[in-house]
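Asks: Shown below is the structure under consideration.
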Amino acid sequence: MKKKLMTPGPTPLPPQVVEVLGQQVLHHRTREYADVFASLNSGLKYVFATHYPVVTLTASGTGGMEAAVVNCFRPGDRVLLVSAGVFGDRFYDICRSMGFDVTKLEVPWGKGIGAGEVMERLTPDTRGVIVTHNETSTAARSDIESIGKALKGTGALFIVDAVSSLGGMEVRPEEWGIDIVVTSSQKALMCPPGLTFLSISQRAMEAAQGNTSRRHYWDLCKAVDFLNKQPPQHPFTPAVNIVMASLAAVTLIQEEGLENVWLRHKRMGKMAREGLRAMGLEPFADERYVSDTLTAVKVPEGIDAQEIIRRMEEDFGIIIAGGNRSLKGKIIRIAHMGYISEGDVLDTLKALEGTLAGLGLPVDEGKAYTAARTIMDIRG
Ligand SMILES: *Cc1c(COP(=O)(O)O)cnc(C)c1O
């Protein structure tokens, strides 16, 4: 059966990306590869909406998170870590293993955070602030724009995990004062897993250059030195075929236009929430913090979340995700990021209506579709 990934990474691949993945590998020190990599680098700057260098490392997103902090901070450095869910906790664990003096600012799951609460906890010796833009475990976002603007002029570096938002939600490294934005290939960037991308400000670069703490594979100074070579290179063998695929994906974003891509995701988020509400379900995240790239909803009392997920896949070929940790069994998550259209969201809502009706819930089949269709037709 045909399957559709409505999951928060990996996400479906566009045919243009699949086609590139069938090509012969290139040697990474050839002219031909250098042309691909140079085009990817300028495409990444477009997608990151930045003039900062964007480095490409071979790793999943977690590798990029580790790379960001091992370059900016030293053991003993004070960092303020905001956690609003599983991925915030992951960043906390990374910082703890690196021996930083971490203060964890816990945000209730389902909510996000803005500048006020961060600035209240900022001490003069805080060297870094780390925030997850879009907490994939709860489908809630934080206001990184206000946080970054408030942090400008303080001594703290601002590091943002934008793994499940970049390429689907607005992020502006310079204007918003973000020193390092981390993302990876397999979410809104429509590629297979394997690459992580980081935009690096001048300030972060200087911190990395002055940082004597140990690192080798993750050394961003080395990565940027190689990026600046003519032609641009990598220090080590990159995941060449995924680099080639990323160029195809980034080209698709350039063709659609970044702002249109952001609008499409915003529209899909609204369609999902309104459709789910029309089914009588309640979105998990606070409306003030909702994500554009995925939606989490509470599972009605007496219904088994795993059974919903199983039937969605077996009966409709649509794969959605459950909750993590304390949210296991309590929520289901529908991603609408990357190579996903409004039509896919409508199909998913219809399938979920059918699934819930089959499980005995009193849903009026068609209501969710109509609610979502109305949003889609507004086209804002
Ligand atoms: C997916 C994801 C990551 C990275 O996970 P990997 O499995 O290492 O790619 C990090 N942060 C967030 C918010 C994510 O959604």
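The values are calculated or read from the model by the stated rules, or taken from the named source; none is laboratory data. It should be emphasised that the depicted structure is a prediction, and the values quoted were computed from it without experimental measurement. Virtual Cβ from ideal backbone geometry, glycine too; neighbours counted across all protein chains shown. Ligands, DNA and RNA are stripped out before the accessible areas are found, and what is left, the full protein with its side chains, is counted by its heavy atoms. Shrake-Rupley method; radii C 1.70, N 1.55, O 1.52, S 1.80 Å.
Asks: From Cα pairs below 8 angstrom and at least 6 apart in sequence, can you work out the relative contact order of region 15-255, rounded to a whole percent?
Replies: Across region 15-255, relative contact order equals 30 percent.
Asks: Kirkwood hydrodynamic radius for region 288-334: how many Å is it when counted over pairs of different Cα atoms?
Replies: 11.2
Asks: Is the shape of the chain rounded, prolate or oblate, going by the alpha carbon gyration tensor and its root eigenvalues a ≥ b ≥ c, with a/c under 1.5 for rounded and a/b larger than b/c for prolate?
Replies: Here the chain falls in the oblate category.
Asks: If you don't mind, another one. With no solvent and one equal point scatterer per Cα, compute the Debye intensity ratio I(q)/I(0) for region 1-103 at 0.10, 0.11, 0.14, 0.24 Å⁻¹ and report its log10, rounded to two decimals.
Replies: -0.47, -0.56, -0.85, -1.29
Asks: Sorted by accessible area with a 1.4 angstrom probe, largest first, how do H216, H28 fall?
Replies: Ranked list, largest accessible area first: H216, H28.
Asks: Whole percent per 10 Å bin, from 0 to the bin with the longest distance: what is P(r) over all C-alpha pairs of region 212-341?
Replies: Pair shares across the bins are 10, 27, 23, 23, 14, 3, 0.
Asks: How many nm separate the modelled label positions at D125 and E256, each set 7 Å beyond the Cα in the direction of the Cβ?
Replies: 4.7
Asks: Moving on. Rolling a 1.4 angstrom probe over the protein heavy atoms, how many square angstrom per residue are accessible across region 26-157?
Replies: Per-residue accessible area for region 26-157 comes out at 37 Å².
Asks: Let me ask something else. If I fit a long axis through the Cα atoms of helix 86-97 and take the longest principal axis of the Cα atoms of the chain, what angle between them do I get, 0 to 90°, rounded to 10?
Replies: 30
Asks: In this model, which of K187/K229; K270/K367; K2/K350; K152/K187 are farther than 23 Å apart at the alpha-carbon? It would help to have the intermediate numbers written out before the result.
Replies: Details: K187/K229 29 Å; K270/K367 15 Å; K2/K350 16 Å; K152/K187 29 Å.
With Cα atoms farther than 23 Å apart: K187/K229; K152/K187.
Asks: Going by average Cβ neighbours within 10 Å, how do the peptides 123-132, 174-183 rank, with the highest at the top?
Replies: In descending order of packing, they fall as 174-183, 123-132.
Asks: State the extension gain, in nm to one decimal, for the chain segment bounded by R310 and D286, taking 0.36 nm per residue of separation less the distance between their alpha-carbons.
Replies: In short, 5.9 nm is gained.
Asks: How big is the antiparallel share of DSSP beta bridges in the chain, given as a percent to the nearest 5?
Replies: On the way: 21 of 42 bridges.
Here the antiparallel bridges make up roughly 50 percent for the chain.
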